[in-house]
Every structure is written in structure tokens, then in C-alpha cells.
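Before any comments, here is the structure.
Read the figures in this text as sums done on the coordinates, not as results from a lab. Computed from a predicted model, the values in this text were never measured in an experiment. As a convention, Cβ positions derive from the backbone with ideal geometry for all residues, glycine included, and neighbour counts pool all protein chains shown.
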């Protein structure tokens with residue numbers, strides 16, 4: 001059965017937390033198929049919070065380890081969606 005695993009990573013105070021989040025992304029980089037970062041930006045503001053959407057690939061155990069590492073960072077919240085369909 002084929003599946004798509006999508007993860008949302010909400011980062012508060014991203015100026016401080018971004019480097020640690022990036023370390024986890026680098027550690028698990030071979031399991032990140034797609035990455036999209038969103039945060040509020042205007043002429044006068046670069047928002048302090050951000051949302052990163054990931055499409056992941058790999059064994060469930062490895063992906064769970066990655067999500068635990070992200071969730072262990074203070075100010076980071078992780079949510080997961082899994083879509084399955086027959087091959």
C-alpha cells in the first residue's frame with residue numbers, strides 16, 4: 001500500500017528556534033521529499049512564527065524519530081496526516 005505522509009511543523013519565535021529545527025531537517029534530509037515554509041511578511045514585518053509543511057518518505061520508525069526530535073524543541077508543534085491508497 002502506498003502512502004503520503006504530510007507533516008505540519010509550527011515554529012514560534014523562529015528567529016531563535018530555526019537553527020535547531022534546521023539541524024533536525026538536515027539529520028533526516030534523505031526522508032524529506034518536499035518542504036514548504038510559510039511565515040508572515042510585509043514591508044514592515046517579518047513574522048516571529050512560521051509553518052513548515054513537509055512531505056516525508058521512509059520507514060515509519062525513522063519518521064517517528066524525526067517527529068519526536070522536532071516536538072522535543074520548545075516552541076515547536078508537530079501535526080501529521082497520512083493518506084493511504086492501494087498501489
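Here residue 11 passes the criteria (1) within 27 Å of residue 85 (Cβ to Cβ); (2) under 11 Å from the mean Cα position of the chain (by Cα); (3) surrounded by 11 or more Cβ atoms within 10 Å (Cβ to Cβ) except the one numbered (1).
Residues of region 14-34 that are in contact with a strand residue (DSSP E or B) (Cβ under 7 Å, 6 or more places away or on another chain), surrounded by 14 or more Cβ atoms within 10 Å (Cβ to Cβ) and within 25 Å of residue 83 (Cβ to Cβ): 21, 25, 31, 32. Of all residues in region 14-27, those that are closer than 22 Å to residue 46 by Cα have Cβ atoms under 7 Å from Cβ atoms of residues that are assigned to a helix (DSSP H, G or I), 6 or more apart or on another chain, in 21/70.
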